[in-house]
Amino acid sequence: MKHFLTILSHELRMLLVNASTYVAAVLFLGIMGFIFSGVLDTYSKAAQESSPATVFFQLFWIPVLFMVPLLTMKCISEERRLGTLETLLTAPVTTAEVVLGKYFAAYILYLLLWASTGGFFYILHHFAQDPRLLDFGPMAGGYLFVAISGLFYIAVGIFASSLSRNQAVAGILSFTLLFILIVGLNYAGTLEVMNLESMKPVHAALDYVRTFRHLDDFSQGIVDTRQVLYYLSGSVLMLIFSILSIEVKLLHS
Amino acid sequence: MSADTPAIEVRDLVKTYAGVTAVNKVGFTVARGEILGFLGPNGAGKSTTMRILTGYLPATSGEVSVCGLSVATHGDEVKKFIGYMPENNPLPDDMRVSEYLHYRGRLKGLGRAKLSIRLDEVLELCDLKRVRHRIIGKLSKGFRQRVGIAEAILAEPPVIIMDEPTIGLDPHQILIVRDLIASLRGRMTVIISSHILPEIEVTCDRVLIINQGRVVAQGTPADLRREVFGHSSYDLEIAGDFDAALPEVLARVDPSLAVSETGAPDAAGFCRLTLTTSREDDLGETLLRSLAADTRLRLRSLNRVHPSLEDVFLAATKRGWEAVDAPVPSVK
């Protein structure tokens, strides 16, 4: 892991000098601002049961679905397309170092983008002067959830990027995988067929991986280690698959 | 690693891609400090062999060792010994030259202090000082190529492998690159592949001609000429009654001399003749004296024909084709 930090700092640097990162960041903040003001709009009309932060984070999957593919689709597929993967892997670095370096660079950027939405809450706090609107608990829980689930989602994006040399294919693939993970599994749990007695184990499993339930728990301050483990093991698995996918492609190239 | 182990040793190397044999039982050794030229038509297996040497691709079978270490079992250590410039010289387009070289130097394990000194040296050596702050994607091909070469020699590895380093360069730049490679002679072992044959002939100590995944000829350019053609030849322009006198004179000089080609006489009556002999040493002087001494003959010019490496290459690859077409035990 000697070169991990070299690669990480290089990747971060490359992300920060790249114009597409800023385009993605502006889009992200634009959409998040839109969602946030929409949430505030409903609060201004009528009193609600939950705090704005809870509602805001319930829509976390919208930016995730397009931000994660945008941040990660380039990582490995671009290197493969340009052929720089060859120069990279013939330097004394391991595939694991390359993948982890790229992964954490994308993850740090993802966290930075989310952290910048903290500004919304600050503005709300500053101008509304209403402590009821700013509930610290759900907010911290929401950010914690975003940080932990982000580990998994970014790993999915890296994996998709390692599969194709075409950025667009990698992007659509990671979008699809994320959609299945977040929305698809949630939907599958509500299917009529899940109520059958024979489907009980499947239903239980689906219930366990329901992202929105995890989010609710986190917002209420419940940090269930099973849920944390789900995201951690998922990301480790995806990273292992990414490393294998790069090495297998060399083996059969 | 002791001083007498060869820098690179390849034995019975085989690489198959999905049923196609790209490299078929290739074997060669490269001594320390030697510059080896890799020649072959497109698709001969040059790049594949180079990639296997760097540990980027695994071999199907055979043994490859660099500086006495097997590439298959000590891949990570071997990578430290090699500076590699791949085919088409892939470079990131959105980095500056010095940034890129700095990053690569760090990856190759150079310390910050040493790297900044070495970076200046390499930029100077490759004549890149003017463009050190330019973005690589906006550089001309010649500069890009030199960035690739600078990257390969950056960490001063004992072995440098370059896949077509002079492709797409203008003659002036080729000269610079050639001098650069020649300046590494003795210090580093260099393998370069190229299509430009005079290039290889000038820079390389030894040439390896590869075709259809097999080594069809190897040796110094002079050895190759001898091995492939098996004879030397002389061109002369002569007038007079040479039909009668010439065989007599030739027999006196060397019995193996024979006229292989006779041209039509030109306006002054001089004919262009080609003589061949199996003698290796230079017969030029004796030939000239004896021909001039004979009053029946008038000699205008005499020169020894040096087959260019191009001729050697064409003959060797053709021979390779014949060898391939002949029924050989198939390797599956």
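Each reported figure results from applying straightforward, stated rules to the coordinates on display, with no laboratory input. Keep in mind that what you see is a predicted model, and the values were worked out from it rather than measured. Because the Cβ atoms are built from the backbone with ideal geometry, glycine has one as well, and the counts that use them run over all protein chains shown.
Scale the Cα Rg of chain B by the rule-of-thumb value 2.2 N^0.38 Å and send over the ratio, two decimals.
Here the Cα radius of gyration is 1.24 times the empirical estimate.
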Charge sum, other residues only, whose C-beta stays under 14 Å from B:K138's C-beta, Lys/Arg counted +1 and Asp/Glu -1: +3
Estimated vicinal HN-Hα couplings, Hz - region B:58-63 in sequence order (Karplus 6.51, -1.76, 1.60; Gly, Pro = x): x, 7, 6, 7, x, 10
Residues with amide H under 5 Å from that of B:N211, placed H, sequence gap 5 or more: B:V216
Residues in region B:278-299 reached by a label modelled at B:A244 [backbone nitrogen below 16 Å; 7 Å Cα→Cβ]: B:294-298
Mean-position separation - Cα centroids, region A:164-226 and region A:51-102, in angstrom: 21 Å
Value in Å of the Kirkwood radius, where region B:106-251 supplies the Cα pairs that are averaged: 18.7 Å
Calculated FRET value between A:K45 and B:D120, using beta carbons and R₀ = 45 Å, to 0.05: 0.10
Approximate spin-label separation B:L314-B:R187, in nm, with each point projected 7 Å along Cα-to-Cβ: 3.9 nm
Cα-based shape type of region A:1-151, given that a ≥ b ≥ c are square roots of the gyration tensor eigenvalues and the cut on a/c is 1.5: prolate
Inter-centroid distance (Cα atoms) of region A:104-152 relative to region B:77-95, Å: 41 Å
10 Å-binned pair-distance histogram of region B:143-220 (Cα, whole percent): 17, 54, 27, 3
GNM flexibility winner over chain A from A:K200, A:K102, A:K74 (Cα, springs under 10 Å): A:K200
Set of lysines with alpha-carbon distance to A:K2 below 18 Å, sequence-local pairs under 8 removed: A:K102, B:K79, B:K80, B:K108, B:K114
Region A:100-195 shape via C-alpha gyration tensor axes, a/c threshold 1.5: oblate
Separation between Cα centres of region B:122-143 and region B:257-295, rounded to whole Å: 53 Å
Estimated FRET transfer efficiency (A:S198, A:L237; beta-carbon r; R0 30 Å; 0.05): 0.60
Pairwise FRET efficiency - B:K141 versus A:L111, Cβ, R0 = 45 Å, nearest 0.05: 0.65
Tensor-based shape of region B:279-319 (alpha-carbon gyration tensor, a/c under 1.5 rounded, otherwise prolate or oblate): prolate
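Quick one: if you take sqrt(5λ) for each eigenvalue of the C-alpha gyration tensor of the protein assembly as shown, what semi-axes come out, biggest first, whole angstrom?
Equivalent ellipsoid semi-axes, largest first: 70, 25, 20 Å.
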Value in Å of the Kirkwood radius, where region A:167-207 supplies the Cα pairs that are averaged: 11.3 Å
Relative frequency of Cα-Cα separations exceeding 11 Å in region B:137-177, percent: 65 percent
Among A:G141, A:G221, A:G171: highest mean-square fluctuation, GNM of chain A, C-alpha pairs under 10 Å: A:G221
Where labels lie 7 Å past Cα in the beta-carbon direction, separation of A:R81 and A:H125 in nm: 4.2 nm
Over chain A: Kirkwood hydrodynamic radius from C-alpha pairwise inverse distances, Å: 19.5 Å
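Quick one: what do you get for region B:1-101 if you divide its Cα Rg by 2.2 N^0.38 Å?
Working: Rg = 14.9 Å, N = 101, 2.2 N^0.38 = 12.7 Å.
My calculation over the Cα atoms of region B:1-101 gives 1.17.
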Trypsin sites (Lys or Arg not before Pro) restricted to region B:149-215 and DSSP loop, no more than 16 other C-beta within 10 Å: B:R185, B:R187
B:G62 long-range amide H proximity, modeled H, under 5 Å: B:V14
Top of A:A115, A:A46, A:A25 by mean-square fluctuation, Gaussian network on chain A, Cα under 10 Å: A:A46
